[in-house]
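Chemist: This is the structure I want to talk about, given as structure tokens.
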Amino acid sequence: MKKIIIIGGGIAGLTAGIFAQLNGFQSQILEKHHTVGGECTGWDRKGYHIDGCIHWLVGTKEGTSLRKLWDKVGALDGVEIYHPESFMAVEYQDVTVHFYRDLELLKNSWIEISPADENVIAEFCQDIKKLQSFEVPSGKPLDLMNILEKVKFYFSLRHVGPVINKYNKITISELADRFKHPALRYAIASFVPEGNYSALPIIFPLGTFTGGQSSIPIGGSRKLALRMQNRYLELGGTLKTSCEIKQLEIEQGKVSQVTADNGEIFAGDYFITACDAKVLYEGLLDGKYPDPEFETRYNNPADYPLASNIYLGIAYQDKIESIPRTLKFAVENLDIKENNKPLDFLQMTHYNYEPDFAPEGCTVITFAINQYEPELAKWEDLVKDKPAYNREKNRIGQAVISAMERRFPEMQGKLELLDVATPQTYQRYCNAYRGAFMAFWPTLQGKELSHSGKINGLDNIWLSGQWLQPPGGLPTALITGKDTIMRICKLEKQDFNM
Ligand SMILES: Cc1cc2nc3c(=O)[nH]c(=O)nc-3n(C[C@H](O)[C@H](O)[C@H](O)COP(=O)(O)OP(=O)(O)OC[C@H]3O[C@@H](n4cnc5c(N)ncnc54)[C@H](O)[C@@H]3O)c2cc1C
């Protein structure tokens, strides 16, 4: 039986492990952290659970091919799915813009805010509607398709292709400027920062969300990853945690073994690096097997920016009844920057639908503050001075609590800071380059990437995970983990067993 060594126990690594076992390989997952999940995780503080990932999961809709894949890897086994009423609500002065799941409701509520924008709202909603039934391709990867399959694949994109192209060619600010009402402009523009970021990150999530394809599995991110771990172990896979791979042994164009930080050696026939691309190319491969696609992107952060975030967990000693699950509200003088500009809003998410995340009568709230290239560099410097780094985390935490109390006076005295994660937290725990929580962010100048994961010059090792198909996300990790095993099956001249 051939052996596959998988470096990284995030969603891509776990998926690769499960499909390796299902296809008759012997596999072993080696994970740096003490637990699996990678960036799909959550952590406990003072009796509260902070979910560190899933705000929406594409593929929760029964019957879709992605849902079947999530089911196959045990991610959603027996899990209740929570369908929030709105993706997000954005306050602008005395107006609240709701991104409702019900597209008719969204449309009518926006027209009520701004009758003068009726036509542009209708066009926007029509474009969202076209994406509602779009299923993220999760069958065969392009490099394994024959000509006929490729023709069929491109034909299947004929309705959504034009919409995706349309929003890929305009910036989010250009999209926002089509609306006359400042509240609608503000709500749309707040999705990504000003600049050359494309409008795709607004239209795609709204398509899947309003189409009922993306919701939230109850229990959250950590439980999802642990269910996948169970599936993997039940299938006979072996997992070693707290095992960081530091070195690859290469002989005649093949990897023969890998060495962990404690000196332990793992040999195999095939190797899958289900971790950050930079860790692979510049760390494990020591820059000796560069990939032009990735080089281009790392050398041009203006067109291929990375994003991370500051992620705060806050305890609220009361229940939340009437605040939308995810809300953006205006703040002043916060002294926190996002893409080099003072932050003028905060985005909160509360988990009143997850009673197990907080003690009886209480609620956990998270805040995500996006951080882009300028801030990522700042965090890299700051972490070198641990006391200053911790002071900054605490300062941000207290500033957010004060802003929260100003917006919701009834919360005064009932909020407590639980935890502040920074881009450096993701770097430290997940080996995420610059703390990136997704792959390269889409911009107008940046070209799309769909990579097979093959390492030029090496025959038996692949990259897998979110970096193969920016901007990444959980479905990409899932699909690419499966795809990598499909490629190995092809090399072994055996049918892939789904
Ligand atoms: C705050 C936040 C919110 C998010 N929200 C969503 C969301 O709502 N929906 C969504 O779809 N996505 C979301 N994402 C993105 C999603 O979490 C990632 O896209 C996905 O988890 C990436 O999975 P992966 O397996 O490709 O990589 P990772 O999760 O990065 O896994 C890589 C694994 O490899 C391990 N590793 C690295 N180097 C080594 C080494 N040398 N040796 C051994 N192990 C190693 C790491 O520890 C890690 O466990 C969010 C991410 C964050 C941080």
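The values are calculated or read from the model by the stated rules, or taken from the named source; none is laboratory data. Predicted model, so just to flag it, every value in this text is computed and none were measured. Positions of Cβ are backbone-derived with ideal geometry, glycine not excepted, and every protein chain shown enters the neighbour counts. Surface areas here come from the heavy atoms of the whole protein model, side chains and all, with no ligands, DNA or RNA. Shrake-Rupley method; radii C 1.70, N 1.55, O 1.52, S 1.80 Å.
Chemist: Has the range 135-158 got at least one residue that is in contact with a Phe, Trp or Tyr (Cβ under 9 Å, 6 or more places away or on another chain), charged (D, E, K, R) and either on the phi > 0 side of the Ramachandran plot or in a loop (DSSP other than H, G, I, E, B) (or both)?
Modeler: Looking through the range 135-158, at least one residue is in contact with a Phe, Trp or Tyr (Cβ under 9 Å, 6 or more places away or on another chain), charged (D, E, K, R) and either on the phi > 0 side of the Ramachandran plot or in a loop (DSSP other than H, G, I, E, B) (or both).
Chemist: Also, quick follow-up: Does the range 410-423 contain at least one residue that is surrounded by fewer than 20 Cβ atoms within 10 Å (Cβ to Cβ), within 16 Å of the ligand (Cβ to nearest atom) and more than 16 Å from the chain's Cα centre (by Cα)?
Modeler: So far as the range 410-423 goes, no, none of its residues is surrounded by fewer than 20 Cβ atoms within 10 Å (Cβ to Cβ), within 16 Å of the ligand (Cβ to nearest atom) and more than 16 Å from the chain's Cα centre (by Cα).
Chemist: Further, regarding this structure: Residues in the range 244-279 that are open to solvent by 40 Å² or more (accessible area, probe 1.4 Å) and either of a type outside the set (A, V, I, L, M, F, W, C) or modelled with pLDDT under 95 (or both): how many?
Modeler: Going residue by residue through the range 244-279, those that are open to solvent by 40 Å² or more (accessible area, probe 1.4 Å) are 246-247, 249-252, 254, 257, 261-265, 267, 269.
Checking which are either of a type outside the set (A, V, I, L, M, F, W, C) or modelled with pLDDT under 95 (or both) leaves us with 246-247, 249, 251-252, 254, 257, 261-264, 269.
Within the range 244-279, residues that are open to solvent by 40 Å² or more (accessible area, probe 1.4 Å) and either of a type outside the set (A, V, I, L, M, F, W, C) or modelled with pLDDT under 95 (or both) number 12.
Chemist: Which one of these does Asp286 not meet: (1) at pLDDT 95 or above; (2) under 28 Å from Glu410 (Cα atoms); (3) touching a strand residue (DSSP E or B) at 6+ places or on another chain (Cβ under 9 Å)?
Modeler: (2)
Chemist: Right, something else. Thr480: open to solvent by less than 20 Å² (accessible area, probe 1.4 Å) and in contact with a helix residue (DSSP H, G or I) (Cβ under 8 Å, 6 or more places away or on another chain), yes or no?
Modeler: Working: open to solvent by less than 20 Å² (accessible area, probe 1.4 Å): yes; in contact with a helix residue (DSSP H, G or I) (Cβ under 8 Å, 6 or more places away or on another chain): yes.
Criteria met by Thr480.
Chemist: Can we say Ile455 is touching a residue at least 60 places away in the same chain (Cβ under 8 Å), under 24 Å from Lys254 (Cα atoms) and assigned by TED's automatic domain parsing to the domain that holds His33? Reasoning before the result, please.
Modeler: Numbers: touching a residue at least 60 places away in the same chain (Cβ under 8 Å): yes; under 24 Å from Lys254 (Cα atoms): yes; assigned by TED's automatic domain parsing to the domain that holds His33: yes.
Yes, satisfied.
Chemist: Look through the range 259-277, keep the residues that are assigned to a strand (DSSP E or B) and in contact with a helix residue (DSSP H, G or I) (Cβ under 8 Å, 6 or more places away or on another chain), and return whichever of them is farthest from the ligand (Cβ to nearest atom).
Modeler: Applying the first criterion (assigned to a strand (DSSP E or B)) to the range 259-277 yields 259-260, 265-267, 270-273.
Next, from what is left, pick out any that are in contact with a helix residue (DSSP H, G or I) (Cβ under 8 Å, 6 or more places away or on another chain): 270, 272-273.
Working: Tyr270: 16, Ile272: 11, Thr273: 8 Å.
Out of the qualifying residues, it is Tyr270.
Chemist: Could you tell me which of the residues Arg428, Arg391 is outside the structural domain of Gln252 (by TED's automatic domain parsing) and either assigned to a loop (DSSP other than H, G, I, E, B) or over 26 Å from the mean Cα position of the chain (by Cα) (or both)?
Modeler: On the way: Arg428 fails: either assigned to a loop (DSSP other than H, G, I, E, B) or over 26 Å from the mean Cα position of the chain (by Cα) (or both).
Residue meeting the stated conditions: Arg391.
Chemist: A follow-up question, please. Might you check whether a residue that is within 21 Å of Ile5 (Cβ to Cβ) and surrounded by 17 or more Cβ atoms within 10 Å (Cβ to Cβ) occurs anywhere in the range 64-73?
Modeler: Pass one, the range 64-73, residues within 21 Å of Ile5 (Cβ to Cβ): 73.
Still in the running and surrounded by 17 or more Cβ atoms within 10 Å (Cβ to Cβ): 73.
Yes - at least one qualifying residue is present in the range 64-73.
Chemist: Let me ask you something else. Which one of these does Asp459 not meet: (1) over 21 Å from Leu14 (Cβ atoms); (2) within 14 Å of the ligand (Cβ to nearest atom); (3) among the charged types (D, E, K, R)?
Modeler: (2)
Chemist: Whether any residue in the range 367-380 is closer than 18 Å to His55 by Cα, β-branched (Val, Ile, Thr) and open to solvent by less than 60 Å² (accessible area, probe 1.4 Å) is what I want to check. I'd like the intermediate steps shown before the answer.
Modeler: Initially, the range 367-380 is screened for residues closer than 18 Å to His55 by Cα, giving 367-371.
Add one more test, that the residue is β-branched (Val, Ile, Thr), and what stays is 369.
Next, only the ones that are open to solvent by less than 60 Å² (accessible area, probe 1.4 Å) stay: 369.
Yes, some residue in the range 367-380 is closer than 18 Å to His55 by Cα, β-branched (Val, Ile, Thr) and open to solvent by less than 60 Å² (accessible area, probe 1.4 Å).
Chemist: Could you list, ordered by first residue, the pairs with Cβ atoms under 6 Å in which the first is in the range 230-243 and exposed (fewer than 15 other Cβ atoms within 10 Å of the Cβ) and the second is assigned to a helix (DSSP H, G or I), at least 6 apart or interchain?
Modeler: Going by the 6 Å Cβ cut-off, the qualifying pairs are Gly236/Gln21.
Chemist: It is to be established whether one or more residues within the range 134-143 are more than 26 Å from Met498 (Cα to Cα), crowded, with 16+ Cβ neighbours inside 10 Å and aliphatic (A, V, I, L, M). Show your work before the answer.
Modeler: In the first step, residues of the range 134-143 are kept if they are more than 26 Å from Met498 (Cα to Cα); the result is none.
No, that holds for no residue.
Chemist: Here are some residues: Gly38, Gly24, Gly52, Gly47. Which one is more than 24 Å from Met88 (Cα to Cα) and buried (at least 17 other Cβ atoms within 10 Å of the Cβ)? Explain how you work it out, then say what you get.
Modeler: Values: Gly24 fails: buried (at least 17 other Cβ atoms within 10 Å of the Cβ); Gly52 fails: more than 24 Å from Met88 (Cα to Cα); Gly47 fails: buried (at least 17 other Cβ atoms within 10 Å of the Cβ).
None of the other options fit; the residue is Gly38.
Chemist: List the pairs whose first member sits in the range 249-277 and is more than 21 Å from Gly481 (Cβ to Cβ), whose second member is among the polar types (S, T, N, Q) and open to solvent by 60 Å² or more (accessible area, probe 1.4 Å), and whose Cβ atoms are under 6 Å apart, counting only residues at least 6 apart or on separate chains?
Modeler: Thr259/Gln247
Chemist: Also: Looking at Ala277, Ala330, which is the one that is hydrophobic (A, V, I, L, M, F, W, C) and either in the same structural domain as Trp467 (by TED's automatic domain parsing) or farther than 30 Å from Gln398 by Cα (or both)? Don't jump to the end; show me each part of the working.
Modeler: Values: Ala330 fails: either in the same structural domain as Trp467 (by TED's automatic domain parsing) or farther than 30 Å from Gln398 by Cα (or both).
Answer to the check: Ala277.
Chemist: Hey, another quick one. Within the range 424-443, count every residue that is touching a helix residue (DSSP H, G or I) at 6+ places or on another chain (Cβ under 8 Å) and away from the ligand (no atom under 15 Å from the Cβ). Show your work before the answer.
Modeler: Just the residues of the range 424-443 that are touching a helix residue (DSSP H, G or I) at 6+ places or on another chain (Cβ under 8 Å), to begin with: 424-427, 431-442.
Then drop every residue that is not away from the ligand (no atom under 15 Å from the Cβ), which leaves none.
The qualifying residues number 0.
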